[in-house]
Amino acid sequence: MTDRATARVVLVSAIASGQGKTTVTAALARKLVQQGQRVRIFKAGPDFLDPMMLERAGGMPVYTLDLWMVGLDQCRRMLALAAAEADVILIEGVMGLYDGTPSSADLARAFGVPVMAVLDASAMAQTAGAVVIGLRDYGPVDLAGVIANRVGSPGHAKMVAAAMRDVPLFGTLPKQLESLPERHLGLVQPDEIDMLDLVLDRIAGQLALDMDAWNSLRSTSFDADDSDDVGAAIEPALQGKTVAIARDAAFAFLYPANLDCLRALGAAVVSFSPLANEPVPESADAVYLPGGYPELNARALSQATRWQDSMRNTHAAGVPILAECGGLMALTQTLTDLDGAVWPMVGLLPGQVQMQSRLAAIGMQAYTTAQGELRGHAFHYSRFDTAHLPAHHARKNPSGDPGEAIYRSGSLTASYFHAYFPSCPAAIAAILLGQGQP
């Protein structure tokens, strides 16, 4: 008889972005943790900022679930592992419930997970019923219930509840005097928010959750065999190698699964901070500069001469460097921020980066290498003006249209493309070993 791992699992979604999914998920996680429940949180779709906030709310790293980028089997494995050690699994959806290919609804249906809809009720009352019933029936999905956000009063909540007919109202959250601040790429990073834990505690305290309804939610079970460690099948191509990773407010966009993948490949991982003017560690056999906010830290990066010199010396020595999005931006000649100030960068890639108010790229992409297909996404507000010809291009999913340019300069591989390393560990190993054109 096959063992089963069981937990209460819900996918938190909405009709669109901006309804308060992250705030509600964070409040729900913090409330359940305060009650002594073991909570694991996942984020659907590519995202770096929401998982940082949800990690603070729940106290555990937040991994990505996506049927295309991560893959069905890897998603199932992570959910099975979580169900074996948690009482509750919360999955925050991406955009609206049915948006994207695949969508959050597709993810919920793939694993038989009920949906909890977050509804911004601030400008509606009875119409909430039409919105919620349409959200349930369009797919359809197993809609467990609704948490109404930005509710004005107990009377308002009663009108919303009555309008939803047979869909239960699980809870309400009032309009917030303190909200989670945002900027052009999404939420502000948790370390930048004063007394964030106090803010999360207050929001959790304001979440009026019907515990009887919550405790009546059915559990979801997973085959315990699905939690087997597929990482054991990864060839340790980086055994004995040390990968140095830039980690600070300028280079914070990093999937936890990417770190796991590097370790499964056999690499030792060390970190350093360009913002603190720390040089590349002498032990580094390869360097990884992930994305982040170099545009908000351009002055400090431009003045970090010790770090800049070490990057130039590392490149001159032929040490493989992988730079993605913010990492690419920091290695160009200049970066022009949103105020129009021009800052000198490291200069390993000829050309200039210009911040702009208009979104330059968003969406899933794949990069075909000699080792296989490396999947990921792009999301940025800057453009890179250069005469340097790309070595390759990623392609957009699902259209197949040309996506982000992949630049090569000596031992440097740089792109706006954010790679999800576990989608093709061998390709990442080849890049970090400097084994020619990946």
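Values quoted throughout were computed directly from the atomic coordinates according to the rules given, and no laboratory measurement underlies them. Only a predicted model underlies this, so the values are computations on that prediction, with no experimental measurement involved. FYI the Cβ positions are ideal-geometry reconstructions off the backbone, even for glycines, and counts take in every protein chain you see.
DSSP beta bridges fully contained in the range 233-433 are about 60 percent antiparallel. Structure shown: which of K31/K175; K241/K396; K175/K396 lie over 27 Å apart, alpha-carbon to alpha-carbon? Over 27 Å apart, Cα to Cα: K241/K396; K175/K396. Summing charges over neighbours of V160, with a neighbour being any other residue whose Cβ is under 13 Å away from its Cβ, gives +2 when K and R count +1 and D and E count -1.
Evaluate the distance, in nm, between pseudo-label points positioned 7 Å from the Cα of S271 and of S122 along their respective Cα→Cβ axes. About 3.4 nm separates the two model spin labels. Seen from S310, the other residues with C-beta closer than 14 Å to its C-beta sum to a net charge of -1, counting Lys and Arg as +1 and Asp and Glu as -1. Only residues of the range 32-51 count here: report those whose backbone N is under 15 Å from the spot 7 Å along Cα→Cβ of L217, or say none. Counting backbone N atoms under 15 Å from the label point, the list is 32-44. Between the range 386-401 and the range 66-119, the C-alpha centres lie 29 angstrom from each other. Taking a sphere under 13 Å around the Cβ of H380 and counting the other residues whose Cβ falls inside, with K and R at +1 and D and E at -1, yields a net charge of -1. When only Cα pairs below 8 angstrom with a gap of at least 6 residues are kept, the range 4-227 shows a relative contact order of 29 percent. In the range 233-433, Cα pairs under 8 Å separated by at least six residues give a relative contact order of 20 percent. Once both labels are positioned 7 Å from their Cα atoms along Cα-to-Cβ, the gap between A130 and Q356 label points is 3.8 nm. In the chain, helices alone account for a calculated mean residue ellipticity at 222 nm of -8000 deg cm²/dmol, with every DSSP H run of four or more residues adding -39,500 (n - 2.57). Which whole-number percent gives the relative contact order of the chain, counting Cα pairs below 8 Å spaced six or more residues apart? Once divided by the residue count of the chain, the mean separation gives 13 percent.
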